[in-house]
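Heads up, the thing below is written out as structure tokens.
The values are calculated or read from the model by the stated rules, or taken from the named source; none is laboratory data. Computed from a predicted model, the values in this text were never measured in an experiment. When we count neighbours, we look across all protein chains shown, and the Cβ atoms used for this are built from the backbone with ideal geometry, even at glycine. With ligands, DNA and RNA removed, areas are computed over all heavy atoms of the protein, side chains included. Shrake-Rupley method; radii C 1.70, N 1.55, O 1.52, S 1.80 Å.
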Amino acid sequence: MYKNISRLIFSPARLSRCYSAEVTSFINRNLSTEQKYNIQEEACDGRPLYLDAQATTPLDPRVLDAMLPYLTSYYGNPHSRTHAYGWESEKAVEKARAQVAELIGADPKEIVFTSGATESNNIAIKGVARFYGAKKKHVITTQTEHKCVLDSCRALEGEGYKVTYLPVGQNGIISLEELEKSITPDTSLVSIMTVNNEIGVKQPVADIGKMCKAKKVFFHTDAAQAVGKIPLDVQAMNIDLMSISGHKIYGPKGVGALYVRRRPRVRVEALQSGGGQERGLRSGTVPTPLAVGMGEACNISNREMAYDHAWMEKLSKRLLDQIYEKLPHVIRNGDPLHTYLGCINLSFAYVEGESLLMALKDVALSSGSACTSASLEPSYVLRAIGADEDLAHSSIRFGIGRFTTVEEVDYTAQKCIHHVTRLREMSPLWEMVQEGVDLKTIQWSQH
């Protein structure tokens, strides 16, 4: 039963090539939709292709197989110490804890299970700052962090802390010299993400960790977009706290982890009161099925990281080569070298990003972070790297994942080329550029 259910994770198109007609028919009935996407007289049946891997990833079938027994048969509370139901759940949770720890080079005792990277970031930033707040009242972060990090820092400002928001260069990477100048004897924590969720840029976390260690300042990194995708070692990189998300590495939603160094010990003030689970840092019953799923996701990522990296490299190059060959005035946002290959953020000049997203209705893409996608304002990350407002509005993020196929990339590239060309032909600005007019020299009148 478990094996059959786990197969549901794949798309009907792939299943029809791999599995029986009975299974394929069942999935087609359950995954298809009557809804039609009708834009510019083009209608699309069913579900679009998925290229938004930075927002979330599909559950790996092997992860589901690992989780299913703990959703049905082994349902004990892992904190119940008086009977076998609790013991077997506790054993499963501790195995998962060890799998997460192994992926990042940590000790299992340093892993705290949370509900996700947002909670992990809140615990790390607020918890460290408040614990050491009597002696140190300064925190450093960057302008391009995830919204939960920025909002946590703003909350600390409301409590009387001073926060330095470091700028980034046009490539999205911070200046180590600026960071060094910003660290003062009053600084308790530096929080800088490993891989940016919008533009995929990798920060020099090893250099940052080395600097923080020399300055005796704790270093926290939001590694939700990096863990399981690029090699990370908390010991070698001198990382004191690290936030991890389950659903960004083909695990279940609703679970994450926080690495907290034990030697030298990092003290954290708990945000949540309760039974004192997870070393007293995160009270509440650990959800065994979710923890098991996250552990297995980390285990798979640990084994297959090199393969996944090669696949991302192949598909990202294929996508970019096709787009660059056919479309001029396409700008890649962020550093093209120091980047995670599965995240490609492109600005298509003279095209409104939201219009392009609507035209690409049969491909699931985004114009930025899923956590701020309801806002019509241009991305604060793109503004931070100095992108013009019109280019910031014309950006699209392509998220390539483990299960993305060559055919999906080719289809997306061709559809993107077609619709960008069509939308530009409708734009008077594009017509002016074609005639050689420099738009930046025009004085636009306001009415």
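Table for the structure above
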| quantity | calculated |
| --- | --- |
| Which numbered condition residue 339 fails, given (1) surrounded by 18 or more Cβ atoms within 10 Å (Cβ to Cβ); (2) of a type outside the set (Lys, Arg); (3) closer than 19 Å to residue 58 by Cβ | (3) |
| From 234, 227, 268, residue being open to solvent by 10 Å² or more (accessible area, probe 1.4 Å), at pLDDT 95 or above and of a type outside the set (Gly, Ala, Ser) | 268 |
| Every pair of residues 6+ apart whose Cβ atoms lie under 6 Å, when the first sits in the range 92-118 and is on the phi > 0 side of the Ramachandran plot while the second is open to solvent by 30 Å² or more (accessible area, probe 1.4 Å) | 105/233; 105/235 |
| Within the range 70-189, strands (runs of 3 or more DSSP E) holding 1 or more residues that are closer than 27 Å to residue 296 by Cα and of a type in the set (A, V, I, L, M, F, W, C) | 111-114 |
| Criterion (within 20 Å of residue 232 (Cα to Cα) and of a type in the set (Ser, Thr, Tyr)) met by exactly one of 120, 115 | 120 |
| Tally, over the range 393-429, of residues that are modelled with pLDDT under 90 and either open to solvent by less than 30 Å² (accessible area, probe 1.4 Å) or under 23 Å from residue 228 (Cα atoms) (or both) | 1 |
| Single unsatisfied condition, residue 167 versus (1) under 20 Å from residue 382 (Cα atoms); (2) surrounded by 16 or more Cβ atoms within 10 Å (Cβ to Cβ); (3) touching a helix residue (DSSP H, G or I) at 6+ places or on another chain (Cβ under 9 Å) | (2) |
| Residue pairs meeting the criteria (Cβ under 6 Å; at least 6 apart or on separate chains; first closer than 28 Å to residue 407 by Cβ and outside the structural domain of residue 251 (by TED's automatic domain parsing), in the range 290-316; second assigned to a helix (DSSP H, G or I) and open to solvent by less than 50 Å² (accessible area, probe 1.4 Å)) | 315/409 |
| Residue match in the range 345-363 (condition: assigned to a helix (DSSP H, G or I), of a type in the set (Ser, Thr, Tyr) and open to solvent by less than 40 Å² (accessible area, probe 1.4 Å)) | no |
| Tally of residues being of a type outside the set (Val, Ile, Thr) and either touching a His at 6+ places or on another chain (Cβ under 7 Å) or not assigned by TED's automatic domain parsing to the domain that holds residue 197 (or both) across the range 122-152 | 1 |
| In the range 211-248, residue farthest from residue 115 (Cα to Cα) [restricted to those that are assigned to a loop (DSSP other than H, G, I, E, B) and among the β-branched types (Val, Ile, Thr)] | 217 |
| Test for residue 186: is it in the same structural domain as residue 297 (by TED's automatic domain parsing), open to solvent by 20 Å² or more (accessible area, probe 1.4 Å), touching a residue at least 24 places away in the same chain (Cβ under 8 Å) and farther than 22 Å from residue 156 by Cα | no |
| Matching residues in the range 285-313 - criterion: being more than 22 Å from the chain's Cα centre (by Cα) and surrounded by fewer than 16 Cβ atoms within 10 Å (Cβ to Cβ) | 285 |
